[in-house]
1. What's the number of the only condition in (1) within 12 Å of ligand 1 (Cβ to nearest atom); (2) buried (at least 17 other Cβ atoms within 10 Å of the Cβ); (3) among the β-branched types (Val, Ile, Thr) that Ile118 fails to meet?
2. Do we have Asp175 as of a type in the set (D, E, K, R), under 29 Å from Glu9 (Cβ atoms) and assigned to a loop (DSSP other than H, G, I, E, B) here?
3. If I ask for residues that are open to solvent by 70 Å² or more (accessible area, probe 1.4 Å) and closer than 20 Å to Asp211 by Cβ, which ones from segment 100-115 would you list?
4. May I ask you to verify whether Ser97 is away from ligand 2 (no atom under 16 Å from the Cβ) and either over 17 Å from His207 (Cβ atoms) or surrounded by 13 or more Cβ atoms within 10 Å (Cβ to Cβ) (or both)?
5. Looking for something touching a helix residue (DSSP H, G or I) at 6+ places or on another chain (Cβ under 6 Å), small (Gly, Ala, Ser) and open to solvent by less than 40 Å² (accessible area, probe 1.4 Å) - is there at least one such residue anywhere in segment 147-165?
6. Being in a strand (DSSP E or B), closer than 15 Å to Gly99 by Cα and open to solvent by less than 10 Å² (accessible area, probe 1.4 Å) is the filter here; which residues of segment 179-217 pass it?
7. Can you pull out the residues in segment 1-30 that are open to solvent by less than 20 Å² (accessible area, probe 1.4 Å), farther than 26 Å from Leu210 by Cα and outside any strand (DSSP E or B)?
8. Met230 - would you say it is more than 24 Å from Lys123 (Cβ to Cβ) and either open to solvent by 10 Å² or more (accessible area, probe 1.4 Å) or out of contact with any Ser or Thr (no Cβ under 9 Å at 6 or more places or on another chain) (or both)?
Amino acid sequence: MEKKEQLYEGKAKKVYATEDPERYIVSYKDDATAFNGLKKGTIVGKGAINNRMTNFLMKQLEEAGIPTHFVEELNDRETVVKKVQIVPLEVIIRNISAGSFAKRYGVEEGIVFSSPTIEFSYKNDELGDPLLNSYHALALGLATQAEIDRIKELSFAVNDFLKAFMKAHNVDLVDFKMEFGRLSDGTIVLADEISPDTCRFWDSTTHEKLDKDRFRRDLGNVEDAYQEMMRRILGE
Ligand code: TMP
Ligand code: ASP
């Protein structure tokens, strides 16, 4: 399958049409941004790591019964995915306090929750992805009630799977962001990526950060952290 016209360029990926109207090709970049694009940089090798890690995890999730957009990895940076219309919600699941949760509620990072939290942001760069609840999402026409219910159900199922999977690699899944899409027949599937860009990963023993917080917070050894996650998950 070959790339045709570019349909979209985001901060970390490009999306291309293909000869098949039901398939897109996603191409992962090394570009990194934070704080809604205010901080810009490059994480060498990130595109390939995020592509391969996302595909590996999406395959595992499919086997666990979670529908995803994944079709086929073409090469290190490019993947064929099902054509979806992205639901403009960023879905965040948290198992441990960190990031904007710790800041918003004035608590330290590292509090282990007895059950996971879920929150939504309106995926809208101009507005800075504002937090909203399901009533707001309904009022704005971003999704139907049935879609929101399905997204919540799938999100907790993804968390159950990923949390256990990461733990087996001595990694705590602190929190992560998901996006969902609608197939042409309306089926909701997991889309976008699952990578150190979109998850917080802490080493279970040392609590060392193995994710994009190293870039966001200028902690150094950014590339090393991505490579370490790749090594733990894909064994390379
Ligand atoms: P937060 O604590 O900044 O709200 O981030 C929660 C999780 O969502 C964290 O794992 C990083 C991820 N995330 C994204 O993938 N994209 C974003 O634009 C933001 C703000 C967070
Ligand atoms: N990638 C996002 C941005 O530039 C934010 C983040 O991951 O922190 O807005």
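The values are calculated or read from the model by the stated rules, or taken from the named source; none is laboratory data. Keep in mind that this is a model prediction, so the values were computed, not measured. Virtual Cβ from ideal backbone geometry, glycine too; neighbours counted across all protein chains shown. For accessibility, only protein heavy atoms count, side chains too; no ligands or nucleic acids. Shrake-Rupley method; radii C 1.70, N 1.55, O 1.52, S 1.80 Å.
1. (2)
2. On the way: of a type in the set (D, E, K, R): yes; under 29 Å from Glu9 (Cβ atoms): yes; assigned to a loop (DSSP other than H, G, I, E, B): no.
For Asp175, the condition - of a type in the set (D, E, K, R), under 29 Å from Glu9 (Cβ atoms) and assigned to a loop (DSSP other than H, G, I, E, B) - is not met.
3. Lys103, Arg104, Glu108, Val112
4. Details: away from ligand 2 (no atom under 16 Å from the Cβ): yes; either over 17 Å from His207 (Cβ atoms) or surrounded by 13 or more Cβ atoms within 10 Å (Cβ to Cβ) (or both): yes.
Yes: the conditions hold for Ser97.
5. No, every residue in segment 147-165 fails to be touching a helix residue (DSSP H, G or I) at 6+ places or on another chain (Cβ under 6 Å), small (Gly, Ala, Ser) and open to solvent by less than 40 Å² (accessible area, probe 1.4 Å).
6. Going through segment 179-217, the residues in a strand (DSSP E or B) turn out to be 179-182, 188-191, 199-203, 209.
Still in the list and also closer than 15 Å to Gly99 by Cα: 199-202, 209.
Once the filter is applied, which keeps residues that are in a strand (DSSP E or B), closer than 15 Å to Gly99 by Cα and open to solvent by less than 10 Å² (accessible area, probe 1.4 Å), segment 179-217 yields Cys199, Phe201.
7. Within segment 1-30, Thr18 is the sole residue that qualifies.
8. Working: more than 24 Å from Lys123 (Cβ to Cβ): yes; either open to solvent by 10 Å² or more (accessible area, probe 1.4 Å) or out of contact with any Ser or Thr (no Cβ under 9 Å at 6 or more places or on another chain) (or both): yes.
Yes: the conditions hold for Met230.
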